[in-house]
């Protein structure tokens with residue numbers, strides 16, 4: 001199959017995707033909105049908040065068979081997203097070992113899909129679906145000696161240079177880092193993503209972080225693009241970016257951390273660094289800030305949903321807490337999406353009070369510098385089509401004015 005790098009980023013006949021995005025969230029929002037508005041979005045809908053399925057995904061997946069890296073691969077890891085169903089089917093039809101990450105990495109890293117003996121084409125198609133992954137799989141543990149020859153990931157947006165943007169939760173990046181840690185991938189293991197043509201965009205390299213996974217091939221319904229990306233992929237788990245919260249949600253991370261600690265590696269977590277030495281570490285490590293799934297968190301209409309430290313809901317030393325008000329939240333926004341944005345901007349609060357019915361949230365920070373950075377980062381940020389309002393909460397503004405007055 002011909003591999004091209006021709007620049008033709010169109011969302012349909014004569015319909016370019018709007019440009020001018022200044023952040024990853026801007027890019028995600030534009031892609032999700034465009035896919036829906038252009039009639040390109042496919043089940044499951046809405047595509048917002050997901051790795052989006054699109055018209056032509058099966059055609060794009062079929063191009064996988066034309067890649068030499070696929071032909072040579074014996075073991076293929078494909079993410080469980082709907083638009084990659086055709087890629088999973090291609091691997092099964094080619095009699096390759098198919099590994100699929102467990103949902104949100106809750107019960108391990110991989111499931112190996114094992115079709116029944118003599119499986120018909122129809123059975124293989126079922127095996128490639130999300131339900132088939134559940135019905136025809138066996139778990140692969142850390143000692144399962146997985147040797148992945150090809151990685152296939154979903155994306156919300158990708159550039160011809162190989163820069164990739166996912167849905168914002170970081171699972172694909174973490175999966176790859178964990179595979180590096182367990183020796184399942186090598187430096188030259190190719191990574192493929194499958195998207196619609198309109199998802200291929202110019203992405204500024206400065207938007208990428210060092211934990212972001214890059215891709216070597218992009219498959220669309222009309223093109224196969226070899227990126228020739230030279231940017232290094234993650235070299236393993238960056239423990240200083242892993243929170244105690246994430247460690248608690250992904251059990252396999254604990255095992256990997258224990259092994260790397262025994263090997264003499266620095267496995268200090270994000271909230272264990274010296275900068276937090278004077279904070280209540282036990283409280284931070286036990287907080288449960290994020291839901292276990294991507295569904296909206298239910299709260300009675302008109303009542304705030306407060307996410308706080310269950311060990312110390314009032315936050316010891318509350319006189320040092322700085323609260324940020326975030327307003328103009330769209331009604332469709334999920335609390336997990338706001339949290340993903342906060343993590344991406346590196347302004348994760350110690351507590352988040354969610355008041356979705358009032359289209360607002362309150363973020364508590366242990367130091368005023370991080371709170372100020374949160375205000376600066378969030379002010380005007382577009383989420384769900386709304387430009388957010390961010391400012392110090394009223395009591396904080398009054399407090400600071402009092403401090404300024406007392407020093408005059």
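The values are calculated or read from the model by the stated rules, or taken from the named source; none is laboratory data. Predicted model only: the values in this text are computed from it and were never measured. Here the Cβ positions follow ideal geometry from the backbone for every residue, glycine too, while neighbour counts run over all protein chains shown.
Any residue in the stretch 134-146 that is surrounded by 12 or more Cβ atoms within 10 Å (Cβ to Cβ) sitting within a Cβ distance under 8 Å of a residue that is modelled with pLDDT under 80? List the pairs, counting only those 6 or more apart or interchain.
139/107; 139/108; 140/108; 140/109; 141/108; 142/109
From 46, 52, grab the single residue that is at pLDDT 95 or above, assigned by TED's automatic domain parsing to the domain that holds residue 129 and part of a loop (DSSP other than H, G, I, E, B). Show your work before the answer.
Numbers: 46 fails: at pLDDT 95 or above.
That would be 52, the only listed residue that is at pLDDT 95 or above, assigned by TED's automatic domain parsing to the domain that holds residue 129 and part of a loop (DSSP other than H, G, I, E, B).
Does at least one position in the stretch 245-268 carry a residue that is in a loop (DSSP other than H, G, I, E, B), out of contact with any helix residue (DSSP H, G or I) (no Cβ under 6 Å at 6 or more places or on another chain), outside the structural domain of residue 109 (by TED's automatic domain parsing) and modelled with pLDDT under 80?
The answer is no, given that none of the residues of the stretch 245-268 is in a loop (DSSP other than H, G, I, E, B), out of contact with any helix residue (DSSP H, G or I) (no Cβ under 6 Å at 6 or more places or on another chain), outside the structural domain of residue 109 (by TED's automatic domain parsing) and modelled with pLDDT under 80.
Hey, does the stretch 15-32 have a residue that's modelled with pLDDT of 95 or more, over 20 Å from the mean Cα position of the chain (by Cα) and surrounded by fewer than 16 Cβ atoms within 10 Å (Cβ to Cβ)?
No: the stretch 15-32 contains no residue that is modelled with pLDDT of 95 or more, over 20 Å from the mean Cα position of the chain (by Cα) and surrounded by fewer than 16 Cβ atoms within 10 Å (Cβ to Cβ).
Can residue 130 be described as at pLDDT below 90 and farther than 25 Å from residue 183 by Cα? Before you say what the answer is, go through the steps one by one.
Working: at pLDDT below 90: yes; farther than 25 Å from residue 183 by Cα: yes.
Against the criterion (at pLDDT below 90 and farther than 25 Å from residue 183 by Cα), residue 130 qualifies.
Run down 144, 162 and say which single residue is over 18 Å from residue 57 (Cβ atoms), out of contact with any helix residue (DSSP H, G or I) (no Cβ under 9 Å at 6 or more places or on another chain), at pLDDT 90 or above and in a loop (DSSP other than H, G, I, E, B). Please lay out each step first, then the result.
Numbers: 144 fails: at pLDDT 90 or above.
Of 144, 162, the one residue that is over 18 Å from residue 57 (Cβ atoms), out of contact with any helix residue (DSSP H, G or I) (no Cβ under 9 Å at 6 or more places or on another chain), at pLDDT 90 or above and in a loop (DSSP other than H, G, I, E, B) is 162.
Being at pLDDT 95 or above and touching a strand residue (DSSP E or B) at 6+ places or on another chain (Cβ under 9 Å) narrows it down to one residue among 212, 197, 216; which is it?
Numbers: 212 fails: at pLDDT 95 or above; 197 fails: touching a strand residue (DSSP E or B) at 6+ places or on another chain (Cβ under 9 Å).
Answer to the selection: 216.
When the residues of the stretch 176-213 are narrowed to those that are within 14 Å of the chain's Cα centre (by Cα) and buried (at least 22 other Cβ atoms within 10 Å of the Cβ), which ends up farthest from residue 70 (Cα to Cα)?
Only one residue fits best here, namely 177.
Consider residue 168 carefully, then state whether it is in contact with a helix residue (DSSP H, G or I) (Cβ under 8 Å, 6 or more places away or on another chain), in a loop (DSSP other than H, G, I, E, B) and either buried (at least 21 other Cβ atoms within 10 Å of the Cβ) or assigned by TED's automatic domain parsing to the domain that holds residue 82 (or both).
Spelling it out, residue 168 is indeed in contact with a helix residue (DSSP H, G or I) (Cβ under 8 Å, 6 or more places away or on another chain), in a loop (DSSP other than H, G, I, E, B) and either buried (at least 21 other Cβ atoms within 10 Å of the Cβ) or assigned by TED's automatic domain parsing to the domain that holds residue 82 (or both).
Would you check if residue 258 is within 30 Å of residue 351 (Cβ to Cβ) and in contact (Cβ under 8 Å) with a residue 12 or more places away in the chain?
Numbers: within 30 Å of residue 351 (Cβ to Cβ): yes; in contact (Cβ under 8 Å) with a residue 12 or more places away in the chain: no.
Judged against the criteria, residue 258 is not a match.
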